[in-house]
Structure formats: structure tokens, C-alpha cells
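Heads up: the structure comes next, in C-alpha cells.
The values are calculated or read from the model by the stated rules, or taken from the named source; none is laboratory data. No experiment lies behind these values; they were computed from the predicted model shown. Cβ atoms come from the backbone with ideal geometry, glycine included; neighbour counts cover every protein chain shown.
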Amino acid sequence: MKKRILLLLCIVGAVAICGCSAFENGHTTSSRNTTSFFAMDTYMEITTPLLDDPSILENAKTHVQDLDALLSVTNENSELWKLNHAGGKTVTLSSETVDILSEALSYCDETHGALNIALYPIVCKWGFTTGNYQVPTKAQLDSLLPLCDYTKIDIDGNDVTIDKDMALDLGAIAKGYASDKLASYLRTEGVDSALIVLGGNVYALGEKTKDTPWKIGVQSPSGNGVAGTLALRNQAAVTSGSYERYFEENGVTYHHIIDPSTGYPAESGLVSVTIVSESGTMGDALSTAIFVMGCDEAITYWREHEGFEMILITDDDELIYTEGLSDIFTPSMGYETKIITN
Ligand code: AMP
Ligand code: MG
């Protein structure tokens, strides 16, 4: 298994953030504060201009760790674990967990199940959250598919019930949700400039410096450099890619984004989807769902919905992006590009 931890590398920021050895955990330079940590199964980094009160960044880190403790599918003390192991009984959850569950469910509905937070029995069978990789038989997948019905999740206030053998996984949305929470917390603390990098979920708060946006690189799926750069202000950029997490067996590659209609890794012709949106939650939900949909369905979905732009990279190296990004996205040389209009 190979796992690329950072999907989006900061390019202009990169020289400052990723490439500078002076930036260690909690380290302060004359111009910036940064904190780096591991949570939600990924490397995270938050960078701000020099803060009067650097404890703000420590608190931000604690916020993400607290969310991870609620939502982790593998942590036996998490609320999600409690729900997944309740044997069909109703569980009373915190408002935070109910909030993300409700948001996630609305994206499951809107994407007609391309995002499916009830897919955990199948994700688990493949071993993607545990690391015990295996290729299930079609019969095994067919017997698990009926358990993955997100419409059976019942939320009544803080009381949540799922069927006995169901299990939920918020891995497709939790980091985007966390990035929104962090941006909102930092704004409350008066921080008006920050780069929040939670694995492949990036939130660019404000500008890097006056009149200069944050510059974000969209990783090339081949691993060589970047497919293009985005200039962002108060926006999230979230990437889902088949190259992020996968294993190989008998020469076949199996990646971690599952098509809920088959139980197999989605073969949609896409290898990478980046969503740009003011909402990190929307970006994360849609990056996964649109990966499953594939190019044509994704374009129809974009034309019918507001609030996001997208960059698609196909398995034959075509780079397709929506017209709203024309002024802020610069594709790298070497890609055949196409701009989608309304
Ligand atoms: P992301 O990296 O945001 O695209 O999320 C991928 C993760 O979400 C996977 O590692 C699984 O844990 C889970 N997952 C895989 N396929 C789906 C799907 N179709 N809907 C919801 N979650 C999924
Ligand atoms: Mg996602």
C-alpha cells in the first residue's frame, strides 16, 4: 500500500510552509506561526501570520483532535464506534456528531447515493480503514450491499438509530467539516489569514498577504509535480484521488473510493477530482461523490447545483475544469485541457 499524505501541496506557500526546515511543530518564525500534527489518519498543518496569542493554534489543533475522537470509525471510544456497535439500539450522540451526520446525509441524498456514509461494511471488507487489505468475492459484496442503505439512518434530535448490521463511515466528509470548523474558530479569534491543510483538504482563510491570495498546487496523479495551481481566498480546495490510498493484488490495483452501486472501487474514468467551494464540507462530500459519478454525470451535476467549481483529471490525462475557475486556476503544461461552461 502506498499512501500519499499530502494531496495538495502549497506551491508559493510551499516554499514557505513545506520546504522550510525551520517550520517544526509549534515552531514560530519572525513572520509566521505554524502547527503540524497527525489526526483523522492524515498529516495536518495550520499556518498563520505571526499571532499575538500562539495558543490559538494549539486550541485549533485540539478542536480537530476532539472531532477525530468523536468521529473515528476505528477508535473504540468514539461516538461513531458506539453507534456502529449498538446492535440496532438507539444511541444518544453529541450535537456535533449529529450535525455532521445530518450534513453528510443531505449530500448522500443530493448525490443520489454516490456519497454513501453507510458503506462501512464494504469499505471494511476491503480493509481500507484497517489496513487488512483483501479483495472480497462478488458474492461477499452482494451480501453486504443491502446493509449499506443510508436511508435507514434515523435521526431524531440527538437520538440516532441504525440497523443491527449497519455501520457508518464519515471518512469522506470529516476533514472538510473539520476545516470549516477551524476556519470559523480562527475567524472568531480575529485571525483573518491562515492556510489550513488537512491532508487533501485545504482551506485558504483570507489572503496570504495583502492582495496576494494563497496559492495551492493540485497534485498530479502521477506523482510528478502539480497538475495546476489555484489562487484562493476564503475558499476550500478538496481533492479525492484514486492514487491516495490503494493496494495491489495479482497486478490489479484497488483504490479506496467505492462505487456504492457495486461495492467495487469506482471505475469512473477519473483519477482525481478537486472541488473548490466556500464550504470545506461541501468540497469533501462532493470530491468523493463526483469521483464516483464520473465525468459526464459530474458535469450535469455541476450545471444543476450551485456553490462549487471542479477540476477533473481523467485516466487518459485530460484536465477538465469549470468556467468559474478560469481566473484562479492555471493548469500545468502537458495536460490536454477543456473548460466546461454552463
Ligand atoms: P475521500 O478521500 O474524501 O474521497 O474519502 C474516501 C474515504 O471515504 C474512503 O477511504 C472510505 O473510508 C470512504 N468512502 C469510500 N467510498 C465512499 C463513498 N462512495 N461514499 C462515502 N464514503 C466513501
Ligand atoms: Mg471526500
Looking at the range 237-263, which of its residues are out of contact with any Leu (no Cβ under 9 Å at 6 or more places or on another chain), closer than 19 Å to THR111 by Cβ and of a type in the set (Gly, Ala, Ser)?
-> none
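Could you say which residue among GLY217, GLY223, GLY228, GLY251 is touching a Pro at 6+ places or on another chain (Cβ under 8 Å) and either more than 21 Å from TYR321 (Cα to Cα) or not β-branched (Val, Ile, Thr) (or both)? Spell out how you get there, then give the answer.
Working: GLY217 fails: touching a Pro at 6+ places or on another chain (Cβ under 8 Å); GLY223 fails: touching a Pro at 6+ places or on another chain (Cβ under 8 Å); GLY251 fails: touching a Pro at 6+ places or on another chain (Cβ under 8 Å).
Matching residue, one of GLY217, GLY223, GLY228, GLY251: GLY228.
For the range 190-210, what are the residues that are more than 16 Å from ligand 1 (Cβ to nearest atom) and under 12 Å from THR48 (Cα atoms)?
Of all residues in the range 190-210, those more than 16 Å from ligand 1 (Cβ to nearest atom) come to 190-195, 204-210.
Residues satisfying the conditions are GLY190, VAL191, ASP192, SER193, ALA194, LEU195, ALA204, LEU205, GLY206, GLU207, LYS208, THR209.
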Would you be able to say whether some residue in the range 94-117 is part of a loop (DSSP other than H, G, I, E, B), more than 10 Å from ligand 1 (Cβ to nearest atom) and in contact (Cβ under 8 Å) with a residue 40 or more places away in the chain?
-> yes
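Would you check which residues across the range 325-342 are in contact with a strand residue (DSSP E or B) (Cβ under 7 Å, 6 or more places away or on another chain) and in contact (Cβ under 8 Å) with a residue 24 or more places away in the chain and list them? Please lay out each step first, then the result.
So the first thing to find is which residues in the range 325-342 are in contact with a strand residue (DSSP E or B) (Cβ under 7 Å, 6 or more places away or on another chain), and the list is 325-326, 328-332, 335-340.
Passing the criteria: LEU325, ILE328, PHE329, THR330, PRO331, SER332, TYR335, ILE340.
Please pick out the residue among SER272, SER287, SER268 that is free of Cβ contacts under 8 Å to residues at least 40 places away in the same chain and buried (at least 23 other Cβ atoms within 10 Å of the Cβ). So that I can check it myself, show each step before the final result.
On the way: SER272 fails: free of Cβ contacts under 8 Å to residues at least 40 places away in the same chain; SER287 fails: free of Cβ contacts under 8 Å to residues at least 40 places away in the same chain.
The match here is SER268.
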Checklist (1) on the phi < 0 side of the Ramachandran plot; (2) within 18 Å of the chain's Cα centre (by Cα); (3) at pLDDT below 95; (4) not small (Gly, Ala, Ser) applied to LEU105, failing item | (3)
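For ASP169, indicate whether it is in contact with a helix residue (DSSP H, G or I) (Cβ under 9 Å, 6 or more places away or on another chain), assigned to a helix (DSSP H, G or I), within 16 Å of ligand 2 (Cβ to nearest atom) and not polar (S, T, N, Q). Can you show your working first?
Values: in contact with a helix residue (DSSP H, G or I) (Cβ under 9 Å, 6 or more places away or on another chain): yes; assigned to a helix (DSSP H, G or I): no; within 16 Å of ligand 2 (Cβ to nearest atom): yes; not polar (S, T, N, Q): yes.
For ASP169, the condition - in contact with a helix residue (DSSP H, G or I) (Cβ under 9 Å, 6 or more places away or on another chain), assigned to a helix (DSSP H, G or I), within 16 Å of ligand 2 (Cβ to nearest atom) and not polar (S, T, N, Q) - is not met.
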Could you check, for the range 268-278, whether at least one of its residues is in a loop (DSSP other than H, G, I, E, B), closer than 30 Å to LEU141 by Cα and within 16 Å of ligand 2 (Cβ to nearest atom)?
-> yes
Considering the range 220-244, residues that are hydroxyl-bearing (Ser, Thr, Tyr) and more than 16 Å from ligand 2 (Cβ to nearest atom), and then whichever is modelled with the highest pLDDT, we arrive at THR229
Output the number of residues of the range 234-266 satisfying the condition of being under 15 Å from LEU312 (Cα atoms), within 10 Å of ligand 1 (Cβ to nearest atom) and outside any loop (DSSP other than H, G, I, E, B).
-> 4
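Quick check, is LYS82 of a type in the set (D, E, K, R) and assigned to a helix (DSSP H, G or I)? Before the answer, list the steps.
Working: of a type in the set (D, E, K, R): yes; assigned to a helix (DSSP H, G or I): yes.
When the stated conditions are applied, LYS82 passes them.
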